[in-house]
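Encoded as structure tokens, the structure appears first; notes follow it.
Please treat every number below as a calculation from the coordinates, not as lab data. Note that the coordinates shown come from a computational prediction; the quantities given were computed from them, not determined experimentally. When we count neighbours, we look across all protein chains shown, and the Cβ atoms used for this are built from the backbone with ideal geometry, even at glycine.
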Amino acid sequence: MAKRKRKSATEAQALTHGPVLLRWSQHVPSTDVQDPLGLALRGSGRLATLLMFCVTSITPRARYFSFIPWCVYDWQRREKGRSPAVGLRDAIITREKALVLGSVAHHDGKACVGGALVGSDALIAWFHKSQSEAELKKLPFAKYPAVGAYINSLVNLGFFLETAGAADSDDEEDAVPVAFDDLELSPLGTRLAEAYDEVVGQLTAVRELADPRARVSMRSLREFGKRGGFCELASPASRDRSVLRDIFFSRPGTGDKSHRVRKESLLLILELSRQLSVLDVRVGDSAFSSAVYFDQVVTEAGTTVDILWPPALADIKSRWRMFYFHHYMSVALEGMFAWMVAQASAQGLAGVSIDELIATLDEAAANRFASESCGGPASRWFGRSTPAMFFAMQSGGGTELNALTSRALDKELRASHKCAEDQLESILRLKEHSESQTGLAASLLLLGVTLARYTQWDEGPYGRWLAQAARDPYVDLVPPVLTRALSRRLDNWWTQPWNEIGRFVLSRYVVQQHQSMSYEKTAAGDRCLLQVEGSRIIASGSYDRIGMGNPRLRSALRILSDLALLRETTDGATRLTGDGTRLLDDELSKLADQ
Ligand SMILES: [Zn+2]
């Protein structure tokens, strides 16, 4: 596969270690800077690909997975080889337009509930012109039709025979153009297409849209939307629904490891929804992360609920826990980045030095924050204290950070403890974080608690699984890489002052990392928000998008609802449906038997 070529670590190193003498001619708009430390692309993104293969952040609607194979099927039957020739890609887009417009008509001019379809906006505006007929080829549509987003996942799910352009990654970043006209449906793809065709194949709209002029009456489009639409998949009359369930849950019994891992991730979501059903809690980013990380969920009313995972899901739960170790480390480092950019920007061209930034750790505000909000000992010198001193109460007071200390801390700092990761994350996500005098202290504490809690896993199989996400340990930062680098650089970092930890992390993993990343993306480094001149760091603009979270989870939840395994109640709670309960029980007992 021809992946987009990226510079090697040595090249990046050569670039960042040389004298960096950039002069800005204009300020970089901060909206242009994404993933400033590479933590999403090179960490979360890779882990999410392993955990939720084929359910990407841009593929949230289940029915596209049967609709697009059907487009190929219908094109082959009605249009392929016709003169003048109609290419497959154009044929799919014509059908996409028909279905989206049909769905808008079916919903009386509104977008689908639970996620508008790609291209809805343009077609809603057109719909309100009240035409009786649509000339599909001339209709306005999305710049990027849905087929482009879904195609890699469809290839990876085995809907096509292996031909040119086969993808081995479902990551949107690695997307490779697929040679459309060579696509041939596999037996599985055909089964799915035929199931969808049973629902829509006889409709007038389907016949009319394949005509060279592709003029379709609104009346028949509305019928197409009513039968073949995305919300309508939930109905038992949708023949493709059971085929899709089998595929997402890898139930033809085939599928390699990545498909089985996805199945287990989906079961994990269903199981959590079952346990939270009784409490009327919505399953989203925060409940899911807390449940896999702490085995606890805290409700809006402040009640802590213990989650008891079935043994069959212990493995997948631990992998997701590793994902969130990376997540919290990312929030800490990006929190430092955002804070540093704000502090340096405020000083204009004079900039700031690392020493000045570190000095904030011993100021009154940081001391107050550390002792009051985190329950640490009242100290006049937070920066001069060490993690071992700071967490002495929670970790058993050991001067060595090992599995024992790590487990003690893990047991003590549960969900919503003032010094636990979820609470520190919400502080770092507050708007005032980057302006605040305690920004560095809060970010450092989050980093410290995350890495200390992670330590018990470091030597085991899950730590190794997490470590393999780093292909290039110079620029790919995941918790095992940082833990080792800290130990190498600072010996036993647990007993080193926060000042020293902060100094190393800021210079190596914030400033230098950001510079490496901006050169990776553009040779000119013009996505760089920080400029280093001697000991001064100069910045302009701001950065406020801390931590990418878990965008694939949102797609998975949508897909499970589309498949009628989950439903959201009117007051926003997530419930398992009867079918969801049966499927979950069935799959859990199969897993337990393995
Ligand atoms: Zn709909």
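Brief remarks follow.
- In this label model, LEU161 and TRP381 are separated by 7.5 nm, measuring between points 7 Å along each Cα→Cβ vector.
- Over the stretch 455-535, all Cα pairs binned in 10 Å intervals from 0 give whole-percent P(r) values of 16, 39, 33, 11, 0, listed from short to long.
- Remark on ILE537: its backbone amide H falls under 5 Å from those of VAL352, SER353, a criterion applied only to residues 5 or more positions apart or on other chains, H modelled at 1.01 Å from N.
- MRE, 222 nm, helices only [DSSP H, n ≥ 4, -39500 (n - 2.57), over the chain, to nearest 500]: -15000 deg cm²/dmol
- Label-point separation in nm, GLU184 to ARG82, each point 7 Å along Cα→Cβ: 2.3 nm
- Net lengthening on full extension, VAL113/ASP315 (0.36 nm per residue, minus Cα-Cα): 69.3 nm
- The stretch between GLU363 and ASP571, if pulled fully straight at 0.36 nm per residue, gains 70.4 nm over its current Cα-Cα span.
- 3J(HN,Hα) from dihedral phi, the stretch 225-239, Karplus parametrisation 6.51/-1.76/1.60, rounded to Hz, x for glycine, proline: x, 5, 8, x, x, 7, 6, 7, 4, 4, 6, x, 5, 6, 5
- Cross-link partners of LYS80 among aspartates and glutamates (Cα-Cα below 20 Å; sequence separation of 8 or more within a chain): ASP90, GLU96, GLU162, ASP181, ASP182, GLU184, GLU194, ASP197, GLU208, ASP211
- From the C-alpha gyration tensor of the stretch 64-229, square roots of 5λ in Å: 25, 18, 15
- Sorting 273-281, 344-352, 385-393 by average packing, meaning the other beta carbons within 10 Å per residue, from highest down gives 385-393, 273-281, 344-352.
- Cross-link pairs beyond the 26 Å C-alpha cut-off, checked among LYS143/LYS431; LYS110/LYS431; LYS129/LYS226; LYS263/LYS411: LYS143/LYS431; LYS110/LYS431; LYS263/LYS411
- Using a simple spin-label model with pseudo-atoms 7 Å out from Cα toward Cβ, ARG407 and GLN131 lie 6.9 nm apart.
- Full-extension gain in nm, GLN347 to SER507, via 0.36 nm per residue minus C-alpha separation: 55.8 nm
- In this structure, the amide hydrogen of LEU117, modeled 1.01 Å from its nitrogen in the peptide plane, lies closer than 5 angstrom to those of CYS112, counting only residues at least 5 positions away or on a different chain.
- With all pairs of different C-alpha atoms in the average, the Kirkwood value for the hydrodynamic radius of the stretch 92-135 is 10.3 Å.
- ³J(HN,Hα) computed for each position of the stretch 499-513 - Karplus, 6.51 cos²θ - 1.76 cosθ + 1.60, integer Hz, glycine/proline x: 3, 6, 4, x, 4, 5, 5, 4, 6, 7, 9, 10, 5, 5, 4
- Whole-Å distance, taken between Cα centres, linking the stretch 565-583 and the stretch 31-53: 30 Å
- Share of Cα-Cα pairs in the chain lying beyond 35 Å, as whole percent: 46 percent
- For the listed peptides 231-238, 504-511, 60-67, a ranking on the average number of other beta carbons within 10 Å per residue, highest first, reads 60-67, 504-511, 231-238.
- Summarising the amide proton neighbourhood of PHE160: residues at separation of 5 or more, or on other chains, whose placed amide H is nearer than 5 Å comprise SER186.
- Highest mean first, the peptides 126-138, 39-51, 182-194 sorted by other C-beta atoms within 10 Å per residue fall in the order 39-51, 182-194, 126-138.
- Between helix 314-346 and the chain there is an angle of about 60 degrees, using the helix long axis and the longest principal axis of the Cα atoms.
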